[in-house]
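A short write-up of the structure that comes next.
The values are calculated or read from the model by the stated rules, or taken from the named source; none is laboratory data. Keep in mind it's a predicted model, so treat the numbers as computed, not measured. Note that we place each Cβ from the backbone using ideal geometry, even for glycine, and neighbour counts take in every protein chain shown.
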Amino acid sequence: MVARRACSKRSGAGILRGSAEVERLSILYRTKGWLTLAQLIPAWASELADGKTNASRIEHDLKHFIMEDIMNGRLDDAGPFEDGRRLGLRVITLENRAGYLEGQRACELVTLARESAEAFSIVSRRLVLMKEAVLDFARRHQLPSPSWWTDATDVAVQSGRTGHIESASDAALPERTGAPGRPTSMHLVTEEYHARWERGDVLDSIGEEAEALSRWLTNRHPTAPRLTAKTIANNLRSEHRRRLAEKAHPLTRQ
């Protein structure tokens with residue numbers, strides 16, 4: 001993933017914070033999988049304030065809690081699954097690329113950012129939060145998620161204006177398998193199930209494993225169709241039995 005500097009063009013939608021106008025991010029950012037802290041915090045704070053609360057105070061608190069979560073490693077398992085990890089934090093390197101960054105390794109940058117507003121301005125342009133980590137942060141802190149990643153209605157309106165017909169119901173269901181019929185999240189659960197085998201996290205009991213996967217789906221993909229533990233168990237039972245047998249008797253594996 002190559003990191004690029006965002007243009008600072010005005011979108012025409014914003015709120016006043018003191019003498020400066022804080023712009024809300026365009027719905028076009030819906031397709032972007034990450035944002036720097038410099039992009040995310042002011043725009044999200046302006047939405048949370050919604051003209052009714054002091055946006056500067058919300059921005060200050062939002063910055064505090066995000067930095068706290070970074071230092072405590074709460075974003076280390078909140079990102080997309082890549083290279084066997086789910087890191088939700090990245091850092092823009094000197095080569096202008098985004099590299100993996102764990103919370104423990106980010107402590108030095110976070111400490112530097114807290115020294116002054118100028119220092120935070122520099123660091124916030126290097127630290128990148130993945131979309132999944134931001135949505136997870138919003139869920140844990142019981143905050144409305146950023147609209148550019150969740151507002152399905154606006155997506156439908158914008159798509160219609162460009163001549164591309166997309167219903168609001170379609171936009172509200174981002175997790176799809178591509179197969180015809182009712183949308184399902186089973187493909188997400190199956191991918192996580194296989195990843196749990198690779199990590200050695202799978203439970204021997206299919207019932208307990210299905211419960212864990214059902215909780216994972218709710219926490220990691222809050223907008224996806226729900227799946228009960230019973231449904232998950234019924235779909236994975238045969239494979240689970242086969243994998244356990246192969247684990248117990250590796251020589252019988254063909």
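Can you confirm whether V110 is closer than 23 Å to R140 by Cα, β-branched (V, I, T) and either surrounded by 13 or more Cβ atoms within 10 Å (Cβ to Cβ) or in contact with a strand residue (DSSP E or B) (Cβ under 8 Å, 6 or more places away or on another chain) (or both)? So V110 fits the description; yes.
A quick yes/no check of all residues on (1) at negative phi; (2) loosely packed, with under 13 Cβ neighbours inside 10 Å; (3) in contact with a Leu (Cβ under 6 Å, 6 or more places away or on another chain); (4) assigned to a strand (DSSP E or B):
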| residue | (1), (2), (3), (4) |
| --- | --- |
| E95 | yes, yes, no, no |
| A98 | yes, no, no, yes |
| S121 | yes, yes, no, no |
| A138 | yes, no, no, no |
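For the range 87-128, filtering for residues that are touching a residue at least 12 places away in the same chain (Cβ under 8 Å) and closer than 25 Å to E198 by Cβ leaves 10.
Which members of the range 45-62 meet the condition of being in a helix (DSSP H, G or I) and either in contact (Cβ under 8 Å) with a residue 60 or more places away in the chain or among the β-branched types (V, I, T) (or both)? Steps first, please.
First, the residues of the range 45-62 that are in a helix (DSSP H, G or I): 45-49, 55-62.
E47, L48, I58, listed by residue number.
The condition (being assigned to a helix (DSSP H, G or I) and either at pLDDT below 80 or of a type in the set (V, I, T) (or both)) is satisfied by just one residue among V134, V91: V134.
Which residues, taken from the range 16-42, are at pLDDT 85 or above, in contact with a strand residue (DSSP E or B) (Cβ under 7 Å, 6 or more places away or on another chain) and either in a helix (DSSP H, G or I) or among the hydrophobic types (A, V, I, L, M, F, W, C) (or both)? Correct list: W34, L35, L37, L40, P42.
For the range 65-79, which positions are surrounded by 13 or more Cβ atoms within 10 Å (Cβ to Cβ) and under 21 Å from W44 (Cα atoms)?
Initially, the range 65-79 is screened for residues surrounded by 13 or more Cβ atoms within 10 Å (Cβ to Cβ), giving 65-67, 69-71, 73-79.
Selection gives F65, I66, M67, D69, I70, M71, R74, L75, A78, G79.
Residues that are in a loop (DSSP other than H, G, I, E, B), under 24 Å from R237 (Cβ atoms) and either under 23 Å from the mean Cα position of the chain (by Cα) or at pLDDT below 85 (or both) do not occur anywhere in the range 162-169. Just checking, does the range 105-118 include any residue being at pLDDT below 80, acidic (D, E) and part of a helix (DSSP H, G or I)? Yes - at least one qualifying residue is present in the range 105-118. If only residues of the range 43-64 that are modelled with pLDDT of 85 or more and either polar (S, T, N, Q) or not assigned by TED's automatic domain parsing to the domain that holds M130 (or both) are counted, the one that is surrounded by the fewest Cβ atoms within 10 Å (Cβ to Cβ) is S56.
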